[in-house]
Structure formats: structure tokens, C-alpha cells
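A short worksheet on the structure shown next.
The values are calculated or read from the model by the stated rules, or taken from the named source; none is laboratory data. Computed from a predicted model, the values in this text were never measured in an experiment. In case anyone asks, the SASA skips ligands and DNA or RNA and just uses the protein heavy atoms, side chains included. Shrake-Rupley method; radii C 1.70, N 1.55, O 1.52, S 1.80 Å.
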Amino acid sequence: MYAQPVLYSYFRSSCSWRVRIVLALKGIDYETMPINLIKDGGQQSTMALSPQFSKEFQTLNPMKQVPALKIDGITIGQSLAIMEYLEETRPIPRLLPQDPQKKAIVRMISDLIASGIQPLQNLSVLNQVGQENQMPWAQRAITSGFNGESLLLSAVQSDFSEE
């Protein structure tokens with residue numbers, strides 16, 4: 001028997017939110033280990049928040065990103081990988097349709113968000129464009145992604161009406 005799962009998370013991280021939602025949907029109890037992504041650049045630990053760039057956290061997740069989930073004797077980083085693991089090891093309730101084509105569409109939509117929209121609003125990316133350009137640059141990139149996502153969802157909406 002393994003210990004209770006531990007989710008290394010930051011409360012404002014959309015990637016961490018995805019995992020917290022799936023853990024809740026599947027009824028999985030877990031402990032949260034907060035990782036501070038902005039306090040002192042994530043370098044120093046305060047108020048029991050573990051530093052993002054510490055050697056300890058890098059050992060758990062070499063990318064030094066949240067979320068990371070310790071579960072079943074392994075540590076998994078990246079929200080989609082965590083969600084897929086949970087779906088495969090705890091299939092009830094189902095997150096994905098059983099039909100392979102519908103499952104591929106759900107994965108495509110998820111990948112578009114996780115790879116094409118969400119990273120553009122990450123602090124590590126926004127810090128590269130400069131403080132004065134962050135908001136307009138992020139808004140343009142995210143709006144473009146959501147417009148594409150909206151077209152994709154409209155095209156497949158009827159395919160999922162019976163799931």
C-alpha cells in the first residue's frame with residue numbers, strides 16, 4: 001500500500017487546477033505541497049512553501065514546474081501525463097470517451113490548450129517579453145488560441161451529444 005498522494009502545486013497555476021479537478025472528479029484524497037512560483041522568484045522557502053528552484057524540488061521534477069504528483073510510488077510531472085495516468089489506473093468515473101476517434105478529439109483539444117494556449121501566459125514566458133508588453137502580448141496569443149479552440153469545438157460539438 002502506498003502513502004497518500006502528494007500534489008506539488010501553486011494555487012494560481014492553471015496546470016495545477018486541471019489536476020486538482022481530475023483528483024476531485026475521481027474522488028482521490030491527496031495532500032497538497034504548495035510551491036511558491038513568485039515569492040523571491042521561487043528561490044526561498046517561506047511559510048512552509050517549498051521553493052520552486054530548490055534542489056529538493058528539482059529532484060522530484062527536473063523541469064521545476066508545477067504540478068507534480070507523487071502517487072503509487074512514482075512522481076509524475078506535466079498535467080496531461082498526470083491526468084492520463086489517473087484515467088488509466090482509476091478509470092471510474094471516466095474522463096475520456098471509449099470511442100477511439102472521440103478520445104483522439106478530446107486529446108487534441110486538451111493538447112491545444114496545454115501546448116498552444118496555456119504556456120503563453122506562464123510567468124517564465126511572460127518575463128521574456130518585458131513587463132510593459134506582457135498583457136497585450138499574452139492577450140493576443142491567448143485570444144488567437146481560444147478562437148481556434150472555439151472553431152474546433154463547434155465542429156465536433158454534435159459528436160459528443162450522446163456521451
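Across the accessible surface of the stretch 81-163, with the other protein chains kept in place and a 1.4 Å probe, carbon and sulfur atoms take up 55 percent. Each residue of the stretch 32-38 is assigned a 3J(HN,Hα), and the resulting list reads 9, 10, x, 10, 7, 8, 10 Hz, derived from the Karplus form 6.51 cos²θ - 1.76 cosθ + 1.60 (θ = phi - 60°), x at Gly and Pro. Could you tell me the distance between the Cα centroids of the stretch 106-163 and the stretch 67-81, to the nearest Å? That distance is 23 Å.
Per residue, the chain exposes an accessible area of 62 Å² to a 1.4 Å probe, with every protein chain left in place.
Remark: the Met135-Leu25 segment gains 36.3 nm on full extension, using 0.36 nm per residue and subtracting the alpha carbon distance. Beta bridges from DSSP with both residues in the chain: antiparallel share about 55 percent, rounded to the nearest 5.
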